[in-house]
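Here's the structure, in C-alpha cells; my notes come after.
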Amino acid sequence: MKHMQILKRAWAILWNYKILWIFGIVLALTSASYSGQGSNGGISSGGNGSHSTGSITLPGNLPPELSQWINQANQFFSYGMTAQVVGILVAIIIGLVCLALVIGVILRMANYVSQVALIHMVDHYEGTGEKLSFKQGLRRGWSRSAWRLFLIDLVIFVPFFLVVVALLACAATPALIGLAAGSAFSFMGIIGTIGLVFLFIFLVLLASLALTLILEMMRRVCVLQDKGVMDSIRLGWRLVQQNLKDIFLMWLILLGIQIAFGLVLIPVGILIALVGVLVGGAIGVAFYFGLHAMTGIIAGVVIGLFILIVLVSIPLLFLRGVLETYLSTSWTLVYREIQPAMPVLAEPAS
C-alpha cells in the first residue's frame, strides 16, 4: 500500500470537493464529548432556631435593581416548598431531561448520516469522478446503513463497557479483601488496587485504540458493500487481519496528523480566544455604559460571554470538521486500496 500517495490523494479530494466539509463539520459537532451538567439548588438557613424561611439579609449598599431581585426571590421562597412548587420543579426537570434525550438522539442520527454520506461521496467520486451535491449526499447518508452503523457500535461497545466495569471491579478486589479481613483498608490492599487500576486503564486504552482501527473497516464494509451488522463485523475484522501491517501503519500516520493538528491548534485557539475577548469585552463595555448600572453589568457580561463563545467555537469547529473530512476520506481510500473490486452503488431513487 502506498500510504503517502493515499494521503496526498485525500488532501486533493479535501480541497477539490468542499461539499464534504459540511458533513465533516456535522461529524465534528456530533462527535464531541458531551457531559451533563446538573445544578444544585438549595436554601441555606442559619441560626439555632428550628424554623427558617431561607430569606437573605441584604446589606444596605446594594444597587436598587439587585435588591429588588433578591427581595422577589425572598418572597417566592418565603412560602416554602409547597406541593405545587415541587410539582412544577419536577415537571421542569423531567421536561429538560426529555429535551436532552431528544437532542442527543438527533445528534447521534446526524453523526451516523454524516459518516455514511462522507463514505459514499468519496467512494463515488473515486469510482466515477462525479461530485455529488449536498442533497444527493444527504440522500445517500439517510439510509439503512446509518442505522446499521448504530447497531455495530451497540454490539461492540456494550460488551466492551461491561468488560471495563468487570475489570474495575476486579481491580478493587485487593482493597475489598483487606477490608473484609480487618476493620479498615489495608496498606497492601490499597497498593494492589492502585496498581491493578493503572494496569487495566492501560489495557482499556490499548483495546480502545484497536477498536477504532477495526471499526473504520467495519463501517466501510457496511456502507459500501451494503452488508448487515454481523457480516460487517466479520468481514471488517477479516480485512484488518489480512492487511494488518498496512492498516496499522496508516492508523499511526493519521494519529500523528491528529496530534500535530492539536499542537497547531493551541496557538490558533489562543489567538482566536484573544480576539473573542477583545470583541466580546468591547461590546460588553458598550452595554454597560448604555444601560443602567446593574442591568448594564449583567447584560454586558452575558452578551460578551456569548460573543466570546461564538467567536471561539465556530472557527475551531470548522477546523475540526475539515480534519474529520480528511480522516474519513483517507480511510475510505485505504479501504478501496485493499478492496479494489468494489462496485459503485447506484444512487437511491428520490
Of the criteria (1) modelled with pLDDT of 90 or more; (2) within 17 Å of Val334 (Cα to Cα); (3) surrounded by 15 or more Cβ atoms within 10 Å (Cβ to Cβ), which one Leu249 fails: (3)
Quick check on this structure: which one of Leu211, Leu205, Leu265 is assigned to a helix (DSSP H, G or I), under 23 Å from His120 (Cα atoms) and not small (Gly, Ala, Ser)? Leu211
Looking only at the range 130-146, count every residue that is surrounded by 15 or more Cβ atoms within 10 Å (Cβ to Cβ) and either touching a Phe, Trp or Tyr at 6+ places or on another chain (Cβ under 7 Å) or in a helix (DSSP H, G or I) (or both) and tell me the total. 9
Enumeration of residues in the range 100-152 that are touching a residue at least 40 places away in the same chain (Cβ under 8 Å) and of a type in the set (Asp, Glu): Asp123, Glu126
In the range 254-284, how many residues are surrounded by 15 or more Cβ atoms within 10 Å (Cβ to Cβ) and within 15 Å of Leu209 (Cα to Cα)? 1
Yes/no for Leu107 being under 30 Å from Ser330 (Cβ atoms), at pLDDT below 90 and out of contact with any Asp or Glu (no Cβ under 6 Å at 6 or more places or on another chain): yes
Between a first residue in the range 221-247 that is in a helix (DSSP H, G or I) and a second residue that is among the acidic types (Asp, Glu), which pairs have beta carbons less than 6 Å apart while being 6 or more apart in sequence or on different chains? Leu224/Asp123
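The values are calculated or read from the model by the stated rules, or taken from the named source; none is laboratory data. Note that the structure is predicted; figures quoted are calculated from it, not measured. Quick reminder, even Gly has a Cβ in these numbers, built from the backbone with ideal geometry, and neighbours come from all protein chains shown.
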